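The values are calculated or read from the model by the stated rules, or taken from the named source; none is laboratory data. Quick caveat: nothing in here was measured; it's all calculated off a predicted structure. We place every Cβ from the backbone using ideal geometry, glycine too, and count neighbours over all the protein chains shown.
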Amino acid sequence: MKPQTQKVVLVFTGLVLGVSLSIGHGVFAERDTPQAALPLEELRSFSDVFARIKADYVEPVEDKVLLENAIRGMLSGLDPHSTYLDQEQFKELQVGTTGEFGGLGIEVGMEDGFVKVISPIDDTPAQRAGVKAGDLIIRLDETPVKGMTLNEAVNRMRGKPGTDIVLTIVREGQEAPLKLTITRDVIKVKSVKQRMLEAGFGYVRISQFQATTADNLVEAISALKKDMKKDEKLRGLVLDLRNNPGGVLNGAVAVSDAFLDKGLIVYTEGRIADSRLRFNATPDDVISGAPLVVLVNQGSASASEIVAGALQDHKRAIIVGERTFGKGSVQTIIPLSNDTAVKLTTARYYTPNGRSIQAEGIVPDIQLDNVRVAEDVEAQSFDTIKEADLSRHLQNGNAKDNVKEDKGAAKTNDKDKADKETPESLARSDYQLYEALNLLKGLAIQQERAR
């Protein structure tokens with residue numbers, strides 16, 4: 001496996017509900033801050049407001065609470081991802097990349113005063129309850145979200161595993177709000193899963209980028225190869241990044257590197273030297289140049305967009321699906337002296353061709369909406385008439401082709417196939433994946449003919 005360790009630890013921004021905040025794109029950093037001239041008039045105004053609250057507010061307020069709220073307000077007014085982390089939140093963030101935390105299992109942000117779901121995490125209470133990317137959460141139990149900060153909403157959604165919370169959700173295409181009851185749980189995220197779609201064509205899903213994701217990817221591909229027959233080879237791979245909210249940047253770089261032989265993967269640009277970084281690929285391709293199709297949607301954010309952008313710019317993969325979320329900024333985690341921290345946006349990241357994904361996202365090479373094939377329409381099965389069925393038809397002339405079909409053997413094969421996923425069942429359960437597989441087969445045929 002290629003070397004994956006980077007000198008700087010970076011993580012992507014986002015909030016995963018539960019005992020831990022999910023990590024977004026950020027850098028743990030400690031450095032001296034250059035001193036600038038203090039704005040005396042503005043500080044005098046701040047002091048006047050502080051004194052007035054202390055003297056006149058209806059209830060006594062501790063100085064610590066007022067100052068922390070002032071810091072939170074100062075940061076939240078900058079952008080959706082800059083924030084103040086108290087001692088508990090900072091501790092949670094530091095352990096959040098382990099892949100185990102408590103809560104609901106959703107990546108969220110703020111939009112128009114409501115909590116917006118960026119994506120649910122695979123195999124979590126939120127996903128099982130039917131939460132979808134793009135949902136707007138307007139109530140938590142009976143409490144309106146409007147007027148809350150994102151941290152306040154997240155704190156309300158946290159709780160002891162086994163307890164319930166009711167989310168009232170506004171969803172595009174639904175006339176009335178939906179109410180979903182979700183039971184909090186300890187979330188253990190397995191970031192990589194794999195299976196064979198058809199002989200020679202594999203599928204790998206990455207649900208979140210963790211510190212070990214690249215190693216897990218290599219293990220998953222090795223497992224796919226072991227499942228194949230001796231005379232088979234891996235002819236192509238579908239990499240599924242749909243509803244992947246991001247995670248550790250090093251994981252995204254290493255996953256991109258796994259499919260690239262050389263070249264720039266991603267770079268970041270900001271005002272300070274620490275925010276200007278470049279990551280390059282190293283030799284070897286884990287699938288030896290086999291065709292690659294990457295599935296994305298509006299829930300694919302941050303690290304997912306780095307992988308999709310790098311593979312697209314290097315023409316290593318065909319990107320299929322919907323325009324991605326567009327989270328292309330870098331957050332630096334700056335520890336403070338009292339075990340708290342500031343998460344501050346310090347840079348933007350760019351694809352190898354110099355594209356900024358911020359607020360734009362990755363546009364797929366083939367745009368494909370997440371449609372569903374109607375399940376109540378069943379194709380009627382009947383035997384079609386072929387030339388060989390006509391009386392007095394001419395023989396082919398090849399002795400080996402004149403052997404009559406063994407109907408019993410055919411029935412046995414049909415029975416065996418019924419126990420496996422068929423193209424029809426795949427089209428019904430996941431139409432985007434069905435189309436990705438068809439595209440992958442075409443790419444494999446084209447590559448094999450070109451040899």
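Tabulated results
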quantity	calculated
Residue in the stretch 147-166 that is touching a Phe, Trp or Tyr at 6+ places or on another chain (Cβ under 8 Å), surrounded by 15 or more Cβ atoms within 10 Å (Cβ to Cβ) and either at pLDDT 90 or above or within 16 Å of residue 181 (Cα to Cα) (or both) present	no
Flag for residue 319 being assigned to a strand (DSSP E or B) and within 30 Å of residue 200 (Cα to Cα)	yes
Residue in the stretch 299-312 that is in contact with an Asp or Glu (Cβ under 9 Å, 6 or more places away or on another chain), in a strand (DSSP E or B) and under 21 Å from residue 192 (Cβ atoms) present	no
Pick from the stretch 70-84, criterion within 18 Å of residue 339 (Cβ to Cβ) and part of a helix (DSSP H, G or I), ranking: farthest from the chain's Cα centre (by Cα)	71
Those strands (runs of 3 or more DSSP E) lying entirely in the stretch 157-248 with at least 1 residues free of Cβ contacts under 8 Å to residues at least 60 places away in the same chain and within 24 Å of the chain's Cα centre (by Cα)	164-170, 178-183, 192-198, 201-206
Residue in the stretch 222-232 that is over 29 Å from residue 425 (Cα atoms) and modelled with pLDDT under 95 present	no
Failed condition for residue 134, given (1) within 24 Å of the chain's Cα centre (by Cα); (2) exposed (fewer than 15 other Cβ atoms within 10 Å of the Cβ); (3) assigned to a loop (DSSP other than H, G, I, E, B); (4) of a type outside the set (S, T, N, Q)	(2)
Check on residue 117, aliphatic (A, V, I, L, M), at pLDDT 90 or above and under 22 Å from residue 143 (Cβ atoms)	yes
Residues of the stretch 250-280 satisfying the condition of being touching a Leu at 6+ places or on another chain (Cβ under 7 Å), under 24 Å from residue 223 (Cβ atoms) and without any contact (Cβ under 8 Å) to a residue 60 or more places away in the chain	255, 256, 259
Top-ranked residue of the stretch 91-114 - restricted to ones that are over 15 Å from residue 149 (Cα atoms) and modelled with pLDDT of 85 or more, ranked as surrounded by the most Cβ atoms within 10 Å (Cβ to Cβ)	106
Selection status of residue 221, over 23 Å from residue 248 (Cα atoms), crowded, with 16+ Cβ neighbours inside 10 Å and of a type in the set (A, V, I, L, M, F, W, C)	no
Pairs with Cβ under 6 Å, 6+ apart, first in the stretch 416-441 and on the phi > 0 side of the Ramachandran plot and polar (S, T, N, Q), second part of a helix (DSSP H, G or I) and at pLDDT 90 or above	none
